[in-house]
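What follows is one structure encoded as C-alpha cells, with my remarks underneath.
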Amino acid sequence: MKNRISELRAERAWTQADVAQLIGVSRQTVNAIETGKFDPSLPVAFRLARVFSLAIEDVFSDGE
Amino acid sequence: MQPQEAEHGRNSRKFNAAFAIWTLVWTLTLALARFGPELLWNSQPVLSGIAVAVNLAAGVGWIVATIRLLRGLDDLERKIMLDALGMTLGVGWVMGFGYVVADGAGLIPWDISLGALPALMGVVYIASFLIGKIRYR
C-alpha cells in the first residue's frame, strides 16, 4: 500500500517522531509505514489521516 | 488532537520496567530454587518446597507482566513480538518432540538436561526479536 506520509510531513516540517507522538505509536512504526514495509491497522490509518486533517484515501492508496 | 504518544511512551516504559523487574525476580528465585538445596539448606524438603513455590508465584507475576507488555504494544511492535513468539514456539515444539522420538529410537547417545529446551527457546526468541527489529528498522 502506498502513502503520502513523507510528503505530508515535509509540508508541515514534522519529523517521524512528531507524527509518532501525535498518533501514539513508536517512531519505528511510523518509519515502517512510511517506507511501505508495514501496513497500518485501520485505527492507526485513521489516526494518521486525522492528524494531517485529510481523508484516509488522501493519505493512503492501494497502488492499483 | 491530543498527543497520544505521551500515553504510549509512558505505558511502554511502565510495562517494560515491570516486565524487566518480574523477569529478574523470576530468574533470581529460579536460581534460589535450583542451587538453594545444594548450597544453602542441605536439601531440606520444606525449604526446597517453599523456594519452588516462591519461584512459581514469581512466574505468575512474570506471565501477567508479559501479557500487559503485549497489550501495550503498537501494531508493528506486536507483529515483531508475535513473529518471534511463533518462531520460538515452533522451534521449541519441533526440537522438543524431535528429541523425544530420537531418544526413544536410541539415536541420542548422550543425555540432555531438561533445561536445554527452555534455554534454546530463549536464544531463538532473542534472535527472532532482533531480526524483526532490524527488518523493520
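If you check B:Arg137, B:Arg78 for being open to solvent by 70 Å² or more (accessible area, probe 1.4 Å), assigned to a helix (DSSP H, G or I) and charged (D, E, K, R), only one passes: B:Arg78.
Scanning region A:17-44 for residues that are of a type outside the set (A, V, I, L, M, F, W, C) and facing another protein chain (nearest Cβ under 7 Å) yields A:Gln21, A:Gly24, A:Ser26, A:Gln28, A:Thr29, A:Lys37, A:Pro40, A:Ser41.
Return the residue satisfying two criteria in turn: it lies in region B:117-134 and is within 14 Å of chain A (Cβ to nearest Cβ) and open to solvent by less than 90 Å² (accessible area, probe 1.4 Å), and of such residues it is nearest to the chain's Cα centre (by Cα).
B:Phe129
For every residue, the table says whether it meets (1) of a type in the set (D, E, K, R); (2) part of a helix (DSSP H, G or I).
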position	(1), (2)
A:Ala10	no, yes
A:Leu22	no, yes
A:Val25	no, no
A:Ile33	no, yes
A:Lys37	yes, no
A:Val44	no, yes
A:Leu48	no, yes
A:Leu54	no, no
A:Asp58	yes, yes
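Scanning region A:23-60 for residues that are touching a residue at least 12 places away in the same chain (Cβ under 8 Å) and among the hydrophobic types (A, V, I, L, M, F, W, C) returns A:Ile23, A:Val25, A:Val30, A:Ile33, A:Val44, A:Ala45, A:Leu48, A:Val51, A:Phe52, A:Leu54, A:Val59, A:Phe60.
Name the residue that is surrounded by the most Cβ atoms within 10 Å (Cβ to Cβ), counting only residues in region B:66-75 that are in contact (Cβ under 8 Å) with a residue 40 or more places away in the chain and within 14 Å of the chain's Cα centre (by Cα). Going through the qualifying residues, I end up with B:Leu69.
Of the residues making up region B:28-65, not one is touching a residue at least 12 places away in the same chain (Cβ under 8 Å) and outside any helix (DSSP H, G or I).
The values are calculated or read from the model by the stated rules, or taken from the named source; none is laboratory data. Just so you know, these numbers come straight off a predicted model, no measurement behind them. FYI the Cβ positions are ideal-geometry reconstructions off the backbone, even for glycines, and counts take in every protein chain you see. Please note that ligands, DNA and RNA were not included when accessible areas were found on the heavy atoms of the full protein model with its side chains. Shrake-Rupley method; radii C 1.70, N 1.55, O 1.52, S 1.80 Å.
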